[in-house]
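This report refers to the structure that appears directly beneath it.
The values are calculated or read from the model by the stated rules, or taken from the named source; none is laboratory data. All figures in this text were calculated on a predicted structure; none of them were measured in a lab. Glycine gets a Cβ as well: all are built from the backbone with ideal geometry, and neighbour counts include every protein chain shown.
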Amino acid sequence: MELSTESIKEQIPYYLTQEAKENLVKALDRFPHRIEYYLDRYRDEILQGDGWTSIEIVRFEDGERKLVRAMLLSNSCDASPENKRELPAKLTYAPIIKLSRYLSLLLAAGLDPKRVESKVISIKEQKVTSLFYLPKGANIDDDYVALLDDLHTVPLQAFMAREDKNKLFTLGQVGFYLFLLKLSVHFCRFHEEVARQPA
C-alpha cells in the first residue's frame, strides 16, 4: 500500500465526530506538503508517537549505552502508568536523528548525490517505509527521521524514573494517522507476494 491521501482517508476512524472527520479530510488534502504534524497539548502524558529526549539505547555491536532522542511506538494504553498489569510493561521506541545526518550517512556509504537528492523528496513524502519523516517544529530544531528499522525497548518504570527526559513533540491528528499508517505499511504487508498455503 502506498501512503497517499486516498489511502489515509480510507482509514479515518469511526469514533471521530463529523466535524473532526471533515477537518481531518481537509488537512489530508494538503498532504504531503503544508500539514500540521504537531499538537501543543498533552505535555505530561506518554502517548504513542511522542518524541522524547534522554532515552537509553544499547548498541548491539559492543554493548555501549547512550542517551538519544526517540519516538514512542508502543500504544498509549501500554505506555500509561495507570494501566495495571501482571508483568512489568516495556516501551518500544525508534531513535530519531537529523535528516541531514541520515543523508550524510548515505553519501558516506557511496550513494550517488543525485540519488540522495531524490531520496530526500521520497522521505519528505513519507514514501520510504523504514523512516518516518518529522519536519522541524514543536521542540525539534531541524528536520528529523525516526528509524523504524532500529527499534529498542525500555522498561516503563525505567522510563518514568528518568528525571532528565523531556517531551519533544506530540503528534496532532494528521501526523498521528500518518504515523499509524506508516507503521502498518512498514510492519504489516498483506501483499508480500509469498504463497503461505500448504504445498
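General remarks:
- Residues that are on the phi > 0 side of the Ramachandran plot, touching a helix residue (DSSP H, G or I) at 6+ places or on another chain (Cβ under 8 Å) and either at pLDDT 95 or above or not β-branched (Val, Ile, Thr) (or both) are absent from the range 187-197.
- Checked against (1) crowded, with 16+ Cβ neighbours inside 10 Å; (2) closer than 25 Å to Phe176 by Cβ, Leu103 passes all but a single condition, namely (2).
- Among residues that are more than 12 Å from the chain's Cα centre (by Cα) and acidic (Asp, Glu), Asp78 is included.
- Of everything listed in (1) farther than 17 Å from Pro155 by Cα; (2) modelled with pLDDT under 90; (3) over 18 Å from the mean Cα position of the chain (by Cα), the single unmet condition for Lys84 is (1).
- Complete set of residues in the range 109-123 that are within 16 Å of Leu148 (Cα to Cα) and surrounded by 17 or more Cβ atoms within 10 Å (Cβ to Cβ): Ile123
- Residues within the range 80-122 that are under 24 Å from Trp52 (Cβ atoms) and in contact with a Leu (Cβ under 6 Å, 6 or more places away or on another chain), tallied: 6
- Restricting the range 79-88 to residues that are in contact (Cβ under 8 Å) with a residue 24 or more places away in the chain and not aliphatic (A, V, I, L, M) leaves a set whose member that is surrounded by the fewest Cβ atoms within 10 Å (Cβ to Cβ) is Pro88.
- Matching helices (runs of 4 or more DSSP H) fully within the range 62-138 where at least 3 residues are among the charged types (D, E, K, R): 113-124
- Looking at Leu156, Leu171, Leu183, Leu148, just one residue is in contact with a Ser or Thr (Cβ under 6 Å, 6 or more places away or on another chain), surrounded by 13 or more Cβ atoms within 10 Å (Cβ to Cβ) and of a type outside the set (Lys, Arg), and that residue is Leu148.
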